[in-house]
Every structure is written in C-alpha cells, then in structure tokens.
1. With each pseudo-label sitting 7 Å past Cα toward Cβ, what's the GLU268-ILE220 distance in nm, one decimal?
2. Please work out the C-alpha center-to-center distance from segment 83-157 to segment 198-223 and express it in whole Å.
3. Given the -39500 (n - 2.57) contribution per DSSP H run of 4+ residues, what per-residue ellipticity at 222 nm results for the chain, rounded to the nearest 500 deg cm²/dmol?
4. For the chain, with only Lys/Arg (+1) and Asp/Glu (-1) charged at the beta-carbon, what is the dipole magnitude about the Cα centre, in debye rounded to 20?
5. According to the square roots a ≥ b ≥ c of the eigenvalues of the Cα gyration tensor, what is the shape class of segment 1-62, taking rounded for a/c under 1.5, prolate for a/b larger than b/c otherwise, and oblate for the remainder?
6. List the residue ranges in the chain for DSSP H helices whose C-alpha atoms run 18 angstrom or more along the long axis and whose Kyte-Doolittle average is -1.0 or above.
7. Leaving out ligands and nucleic acids, note down the accessible area per residue over segment 44-90 with a 1.4 angstrom probe, in whole Å².
8. Out of the DSSP beta bridges found with both residues in segment 33-163, what percent are antiparallel (nearest 5)?
Amino acid sequence: MQQNEPKNIMILCNPLAGSGRATAVAKNVQHVLEEKKITNKLFVEEWPVSFQLFTDAWIVGGDGTLNYFINKYPDIDLPLVIFNGGTGNDFHWLLYGSKTIEEQIEIALHAEPRPVDAAKCNERYFINGVGVGFEGEVAKALTGKKKLSGKTSFLLTILKKIFSYRSKQYEIKSGDKTVAGKKLLIDVSNGRRAGGGFHIAPAAKADDGLLDIVIAEAMIPLQRLRYLPVIEKGRHLNLSVINYFTTTQITIDSDSLIQYHLDGEYFEVERLEIKMLAAKFLFRY
C-alpha cells in the first residue's frame, strides 16, 4: 500500500491484559484516530475471522496478547503495531522503547513496514522468547494471578523461588553442538528482554534471522542471588556460568517434564523443537 492511500485500521484489544489497562489504551488510540479522521474498527471481545478490508492491524496488550495474535493469524501479511497494554511489554519495548502513545501512533501511521523474525516452538509460534527451567517455574507461579506492572511481580516471584528451585537435567542440541547436564535455565530469545525488564539476551536482534541461546549452569542459591542483578542488567554473557551462542534451530530434551514459558505463557512438555522463522511478520516501527 502506498503511503497516500487511505487507511482502514483494525484495533485488536485484549481486555484482560494489564489488569484491564489495555482497554483504556485501545480507546485512547481509537480516539486519536477518529480525531485524525482515519477509518478504524475496535475489536475487544471477539476478534475478526477475516481482515480483507483492513490495511493495518494494531494490537493492544502485552507479550501474551501478541503471542495469541500471531498464533491466531500466523499467515497475516498486513503491517502490525503493538501498543503497550500488558504487564511486561518486553517486545513492545524492543520496537518502541519508552515512546508515548501519541509518538507511537505517528510512527504507526507513517513508518514503512519492516520484517521482524518469529520462531516456532513445537506447534506454537513465538516472537519474543522461550524460557526453560527456572523461568518456567516463575511463569507457572504467576499463571492466573494479577500482576503488577513492569517487572515487580516477576522479581518478587523470582526471589520466592530462587532458594527452593532445583535445577533439572537437559540435553540441548543445535547443529553439531550438544550441551548436556544440570542447568538452571535455558533461554531461547528473539527479543532482548523478558520478565518486564530482565535483559536476558542483550545482544539479540529481532531481524537478524538468529535465535540467541543463553544457558545458565546449575548454581547454589547464593550464586543465584549474586548473579540475578548482573543478568537483569544484561552483563552476564561472558560469565563462566553462562553458555551463549546463536542458532536457527535447537532441540531440548530432559529426563523430566520440561517447564517453560512461551512469550510469558506457561506450558509443560516432554521435548522442545524450536526453529527460527526469519522475516515472518511486518511491523511498523
């Protein structure tokens, strides 16, 4: 679509995201569009089956909402925008930083769409990351609970679990590389940040066709406490307890059920097969 062609924007809101904050953000976005006399339609309770009449899709929610969207519409070729309406909002931060809604709307209306990578984990798509082990345990503990904005809820849950969690045995394979043994966590990232502000994969880029793998060795609780702020700030990639590399495909096996989150949503499975999908979606950012 040419820049001067009229837009018809669908706004897709998750009313549960951000403990209801997403609805207010979506209405604010719609109000701005109506002031600019730009055709739009807001979907809250039920999302459309078809988007043939629309030129852009604007999603209001957090990482979980965006994950739901890409799994519901995996073949969408419209330009996408994600507005900050969730709790952690890590992928939003990757694309838009701390821009205001008004600033982001201007970008969404005028920026050329650019390709963004995604990946597939077993049968589900993800766009920000998969966290195995300790991260999965944290996600499980937060499931169904009202979360505070930012990383507060994540940090409080981490501190509760950091002494009691027991590292599991894994076998991780990527091409000719095999890593095996007890691990605290395995992070497979497309984005740089998770948990509302933990820079787990600080070198990751969402448009380089690569997954960033961060594996933390099993540690005693005092070591975990020591390295938590280092990982939070993204200064951990060169530590002796960290194995970091990039790849396009990886498998993870364990001798017990694998606990993991996928864009913040908790799952359990016996085996993970993860594959990069370069330039899968288009975003205006």
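The values are calculated or read from the model by the stated rules, or taken from the named source; none is laboratory data. Keep in mind that this is a model prediction, so the values were computed, not measured. When we count neighbours, we look across all protein chains shown, and the Cβ atoms used for this are built from the backbone with ideal geometry, even at glycine. Heads up: the accessible areas ignore ligands, DNA and RNA and are worked out on the full protein's heavy atoms, side chains in. Shrake-Rupley method; radii C 1.70, N 1.55, O 1.52, S 1.80 Å.
1. Those two pseudo-labels are separated by 3.0 nm.
2. Comparing the Cα centres of segment 83-157 and segment 198-223, I get a distance of 16 Å.
3. Details: 7 runs with 73 residues, N = 285.
Estimated from H runs of four or more residues: -7500 deg cm²/dmol.
4. Values: 35 positive and 33 negative charges, 200 e Å.
In total the dipole reaches around 960 debye.
5. Details: a/c = 2.54, a/b = 1.54, b/c = 1.65.
Note, shape of segment 1-62 comes out oblate.
6. Numbers: long enough: 21-35 (22 Å, -0.30).
Answer set is 21-35.
7. Values: 1790 Å² over 47 residues.
On a per-residue basis, 38 Å².
8. Values: 3 of 8 bridges.
Counting only bridges with both partners in segment 33-163, antiparallel ones make up about 40 percent.
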